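Heads up, the thing below is written out as structure tokens.
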Amino acid sequence: MTDVFDAIVVGAGPAGCSAAYSLAKERLEVLLVERGRSAGSKNMTGGVLYGAVLNGLIPDFWKEAPVERRIERHVISFLSGDSSFSLDFNKGVSEDPGAFSVLRARFDRWFADKVEEVGGIVATGLLADDLVRSEGRISGIVAGGDEILGQVVIAADGVNSTMARNAGLDVKLSPSNVNQGIKEVLQLPRDTIEDRFNLEGDGGAAIHFLGECTRGLHGGGFLYTNKESISLGVVVQLQALAQNGVKAVDLLEGFKTHPAVKEYVRGGTTLEYSAHLVPAGGVSMIPPLYTDGMLVAGDAAALVLATGRALEGINFAIASGMAAAQTVKQAREAGDYSKATLSTYERLLKETFVLQDLAEFRKAAGFLDNPRLYDTYPGLACAVAEGLFLSDGNPKKKAWSVLREEMKGKVSLWRLLRDAMAARGAM
């Protein structure tokens, strides 16, 4: 084993694995450090991987990776107390990289194995708790009481990154820009899942909920189908939880009993619970991404897109890991790991969807602070739908008349128009 690695990557999630794989594939000497007993054992996400980015790194990855189902059906569902109104899009069967449901414990372990296949060293059960500095730059990590030296360190150890914090590159977290996600995986027979969600073969569904799933608090719910289980969860702003004295786990339990959800989960056996903090402040909370001898990627750099429809993080993590690897390769060729040379990383991210999307949707975080999005409007959508579709023996009303009647005492027309304009600017 080398005395000084070309790169040390901390965290074997999608960002860390993509960086380590990219570097090892080019025959650089790479150490990937993971504090969990195996890659993925400490990681949690809702469960959808948008595959185009990973496909560029590992072509046709889904043919060997432990993906669960190809997501063909996308649903947005607005919930009131006992009703729901949904928009349902079905893409149909395809063979493109598309989107897949994944279970991180399996997927991340596969990805880490791919790093080893191309010559990288993966060290699990090893906690990196400090940085080594020499000659004015970061030159390695301290793990297990030992110093491990590297030309550059890539911090991909999550939103509470120890490496980034010790380098002064950490995300500035606050209750208003961080969400708590909590997920339950429920085992169900494969044929039951396919019947309940109208699926065929390995087709899958992703359903995102707004409204009663969080009792009208800032956040939303999700349900993703796996081969023989479903992933159900809620993601809620920490500030909203604290101000209302609510626990996310209680929201999840209530969510499971909603009429629009309880049939989906009926008979399911709990396989696991998991929780995770999600950076949701958008581009405004991204920290400095590099310093002398170090880069920050994935959740550790708050590279998560929150648009209100869903949270996207895995594809952003993979793309940032690939950009970090490209930066390291260029630095190695130049024999220079200074801050000035590593600034190439930010330029590369600006050339990809990562920083372009975060810049494009920079107003989304502010717009999503609007409490009417989680209470008034989901309830209004369900009430209007009820007025349009149910018959009570009285003369039917036009849609506009139903809307105006349901708006009374809830939201003014002026406020509705203002919110619509804000949505247009943010989304």
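Within the bounds of the range 45-57, is there any residue that is free of Cβ contacts under 8 Å to residues at least 24 places away in the same chain and either assigned to a loop (DSSP other than H, G, I, E, B) or charged (D, E, K, R) (or both)?
Within the range 45-57, none of the residues are free of Cβ contacts under 8 Å to residues at least 24 places away in the same chain and either assigned to a loop (DSSP other than H, G, I, E, B) or charged (D, E, K, R) (or both).
If a residue has to be in contact with a strand residue (DSSP E or B) (Cβ under 9 Å, 6 or more places away or on another chain), of a type outside the set (D, E, K, R) and within 30 Å of PRO287 (Cβ to Cβ) to count, how many in the range 170-205 make the cut?
10
Among the candidates ASP130, ASP146, ASP191, which residue alone is over 24 Å from the mean Cα position of the chain (by Cα), surrounded by fewer than 19 Cβ atoms within 10 Å (Cβ to Cβ) and not assigned by TED's automatic domain parsing to the domain that holds ILE8?
ASP191
In the list GLU272, GLU312, GLU333, which residue meets the criterion of being closer than 25 Å to ASP170 by Cβ and either out of contact with any helix residue (DSSP H, G or I) (no Cβ under 6 Å at 6 or more places or on another chain) or not charged (D, E, K, R) (or both)?
GLU312
Among the residues of the range 1-49, what is the count of those that are under 20 Å from LEU303 (Cα atoms) and among the polar types (S, T, N, Q)?
Total satisfying the criteria: 4.
For TYR337, which of the numbered conditions (1) in the same structural domain as LEU413 (by TED's automatic domain parsing); (2) crowded, with 19+ Cβ neighbours inside 10 Å fails to hold?
Going through the list (1) in the same structural domain as LEU413 (by TED's automatic domain parsing); (2) crowded, with 19+ Cβ neighbours inside 10 Å, TYR337 breaks only (1).
Cβ-Cβ below 8 Å, separation at least six or inter-chain, first residue in the range 380-402 and within 19 Å of SER84 (Cβ to Cβ), second surrounded by 10 or more Cβ atoms within 10 Å (Cβ to Cβ) and charged (D, E, K, R): which pairs?
LEU380/GLU406; LEU380/LYS410; ALA383/GLU406; VAL384/GLU406; GLY387/LYS397; GLY387/GLU405; GLY387/GLU406
Report, by residue number, each residue of the range 297-345 that is under 26 Å from SER101 (Cα atoms) and of a type in the set (Val, Ile, Thr).
Scanning the range 297-345 gives VAL304, THR307, ILE314, ILE318.
Look through the range 281-297, keep the residues that are in a loop (DSSP other than H, G, I, E, B) and out of contact with any helix residue (DSSP H, G or I) (no Cβ under 7 Å at 6 or more places or on another chain), and return whichever of them is nearest to ASN43 (Cα to Cα).
PRO288
Please pick out the residue among GLU34, GLU72, GLU68 that is surrounded by 19 or more Cβ atoms within 10 Å (Cβ to Cβ), of a type in the set (D, E, K, R) and closer than 29 Å to LEU373 by Cβ.
GLU72
Please go through (1) over 14 Å from the mean Cα position of the chain (by Cα); (2) modelled with pLDDT under 95; (3) on the phi > 0 side of the Ramachandran plot for GLY282 and return the number of the only condition it doesn't satisfy.
(1)
The values are calculated or read from the model by the stated rules, or taken from the named source; none is laboratory data. These numbers were taken from a predicted model, which means no experiment stands behind them. Positions of Cβ are generated from backbone atoms using ideal geometry, with glycine treated the same way; all protein chains shown enter the neighbour counts.
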